[in-house]
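Undergrad: Take this structure first; my questions come after.
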């Protein structure tokens, strides 16, 4: 029997911010990663309360940032937190089949992908990422503002998905943006 946690988007935001406050002052992770939790989620499935779309940067660890344990967050990571059909499919799965009511797109300070889009001219597959970020930021050269514009662009792509749009109307699903400060550890909602 699958255990389903149904909390509102507002409750999910409060839970994320409370976890982030714990994280800022912690030296070690506080989420439940126990043998019992692994066993329960193995038997009953996952029931994450939020979908986090964020960058692959090794300094950005959503489960730690929000003091979350096994089964609490559905995390989608890609350099520059850009969105394509694969990420949309993952989001639709988590929102539609797992009952998540919050999608948080979280950029971060000192993002290498944003910097590469502003200052570089990468080739090969990296270009797919920087081209998408350039589309989001236009001529913006301030890294902090560019990061916010990039998050807003990803949110628009998510909200333009017809399936996500219907879920917002039907279930109270909410899409929000945030910036994670890699120095202070604080998450600032946009």
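The values are calculated or read from the model by the stated rules, or taken from the named source; none is laboratory data. A quick note: this is a predicted structure, and the numbers were derived from the prediction, not measured. Neighbour counts are summed over all protein chains in view; Cβ atoms, including those assigned to glycine, are modelled from backbone coordinates with ideal geometry.
Undergrad: Residue pairs, Cβ under 6 Å, 6 or more apart or interchain, first in the stretch 137-165 and at negative phi and at pLDDT below 95, second in a helix (DSSP H, G or I) and surrounded by 21 or more Cβ atoms within 10 Å (Cβ to Cβ). List them.
TA: What qualifies is 164/158.
Undergrad: Condition (residue is part of a loop (DSSP other than H, G, I, E, B) and crowded, with 20+ Cβ neighbours inside 10 Å) applied to the stretch 11-20: is it met by at least one residue? First the steps, then the outcome.
TA: The first filter runs over the stretch 11-20 and keeps only residues part of a loop (DSSP other than H, G, I, E, B), leaving none.
No.
Condition check ((1) outside any helix (DSSP H, G or I); (2) in contact with a strand residue (DSSP E or B) (Cβ under 8 Å, 6 or more places away or on another chain); (3) closer than 21 Å to residue 98 by Cα; (4) at pLDDT 90 or above) across all residues:
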| position | (1), (2), (3), (4) |
| --- | --- |
| 31 | yes, no, yes, no |
| 37 | no, no, yes, no |
| 46 | yes, yes, yes, yes |
| 51 | yes, yes, yes, yes |
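Undergrad: Now a separate question. What is the one condition in (1) in contact with a helix residue (DSSP H, G or I) (Cβ under 8 Å, 6 or more places away or on another chain); (2) without any contact (Cβ under 8 Å) to a residue 60 or more places away in the chain; (3) more than 22 Å from residue 27 (Cα to Cα); (4) surrounded by 18 or more Cβ atoms within 10 Å (Cβ to Cβ) that residue 81 does not satisfy?
TA: (2)
Undergrad: Does the stretch 109-125 hold any residues that are more than 19 Å from residue 157 (Cα to Cα) and in contact (Cβ under 8 Å) with a residue 24 or more places away in the chain, and which are they? Write out each step before concluding.
TA: In the first step, residues of the stretch 109-125 are kept if they are more than 19 Å from residue 157 (Cα to Cα); the result is 109-112, 115-116, 118-125.
Result: 109, 110, 111, 112, 115, 118.
Undergrad: Scan the stretch 98-112 and tell me whether some residue there is touching a strand residue (DSSP E or B) at 6+ places or on another chain (Cβ under 7 Å) and part of a helix (DSSP H, G or I).
TA: no
Undergrad: Taking only pairs six or more apart or across chains, which ones have beta-carbon atoms under 9 Å, a first residue in the stretch 24-44 that is surrounded by 11 or more Cβ atoms within 10 Å (Cβ to Cβ), and a second residue that is in a loop (DSSP other than H, G, I, E, B) and modelled with pLDDT under 80?
TA: Every condition considered, the pairs that remain are 40/3; 41/3; 44/1; 44/2; 44/3.
Undergrad: Another question, then. If I go through the stretch 151-181 residue by residue, how many of them are surrounded by 15 or more Cβ atoms within 10 Å (Cβ to Cβ) and more than 13 Å from the chain's Cα centre (by Cα)?
TA: 8
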